[in-house]
Every structure is written in C-alpha cells, then in structure tokens.
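Only one structure is covered here, and it is reproduced in the block below.
The values are calculated or read from the model by the stated rules, or taken from the named source; none is laboratory data. Worth saying up front: this structure is predicted, and the values here are computed from it rather than measured. Note that we place each Cβ from the backbone using ideal geometry, even for glycine, and neighbour counts take in every protein chain shown. The accessibility values were calculated without ligands, DNA or RNA, using every heavy atom of the protein model including side chains. Shrake-Rupley method; radii C 1.70, N 1.55, O 1.52, S 1.80 Å.
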Amino acid sequence: MKTSTLFLSTCGMVATVLLQTTVASAQASDEAQIRALEDSFAAGIRAKDLDAIMNVYVPDQTLFVFDVVPPRQYVGAEAYRKDWEEFLNDIDGPVNFEIADLAVVAEGNLGYSHSIQHVSGKNKKGEVLDMTVRVTDAYRKIDGHCLVTMEHVSVPVNLDTGEPDLHSRP
C-alpha cells in the first residue's frame, strides 16, 4: 500500500512539473508572438501599409478602440480601418514610428500589453506631426494567433490648461 501511494504521489508531482513547464513555455511563446505582432504593426505603419496595420486586429465587430482622436470610440474593424486609412492618406512622405517600453503579459487565450508609441512625419499641408502616445492593448488567441481585441490610446493632459501633452516624457 505504501508503494502504490508513493508511486501515485510521484506520478502526481511529475505531472504537475510537466504541466507547469508546458504552461510556462506556452506563455513565453504567446508573449513572443505578441511582441512579433507589435513589430509587424510598427513595420506596417512605417510602410504605410493599411492591410499590415489591420492584420494585428480582430477582423470583425468585436474590435473596440478608444483612440486619441475623435470620435470617442471605434466599434468594429471596419470603423477603425477607416481611421487608419484617413491617417495614412493625410501623410506626405515617410512615417517614422517607434514602440518603446513594451510590456507583455499572456496567459491562456488572453494577453495584454502597454507601451509608449511615437509617430512623426508631415501631413499634406506641410505641417509636422510629432506625437507620443500611451497604448494599452488586450489580445485574444484565435486559431492559435494572438490578435488585438481592445485598444486604448491616450496622452496625458495638463489639467491646469486642458492642453494635451503630445511629447510626453517620463
């Protein structure tokens, strides 16, 4: 009886260790996938490639975005695609885009990230665009691929003047 109890305890411990190792490996893989997704997003913006930008988002009505520009919110991929299309159509020449301080957490079918993103370039009127924003993304794994399902883009606001801080520094 002691031998079978010891055997079952040992099997249970081995199974627990194997499960923890598998879960940790899956989390690391999902985190790497999200980082790669963010890299492809940045490359899409620099290339002014609307399809590459939208490939990071769920392609349906479940996408929800609070962007830094009006309207207050975008519901659905089609609505947000129009926002990106307008942005890209207004840019004359190259777009500079960087993601900094990217932090990623992934567990199971869900994940989130936050980062600081900087974009600069010139619009078709010759005006300089130079903006730093804070971005928080929520991801869902669909058919093995992590995609953004919710995004919140913001900038700090000076409460005394009501002016946005578009060049935010820590």
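Taken one residue at a time, the phi angles of the stretch 72-85 give Karplus couplings (6.51, -1.76, 1.60, θ = phi - 60°) of 4, 8, 10, 10, x, 5, 4, 5, 6, 4, 4, 4, 5, 4 Hz. Gly and Pro are set to x. The heavy atoms of Phe66 offer some 60 square angstrom of accessible surface to a 1.4 angstrom probe.
Rolling a 1.4 Å sphere over the protein heavy atoms, what is the accessible area per residue of the stretch 35-127, to the nearest Å²?
56 Å²
Let a ≥ b ≥ c be the square roots of the eigenvalues of the Cα gyration tensor of the stretch 26-66; is it rounded (a/c under 1.5), or, if not, prolate (a/b larger than b/c) or oblate? The shape class here is oblate.
The charge dipole of the stretch 63-170, taken about its Cα centre with unit charges on the Cβ atoms of Lys, Arg (+1), Asp and Glu (-1) only, comes to about 140 debye.
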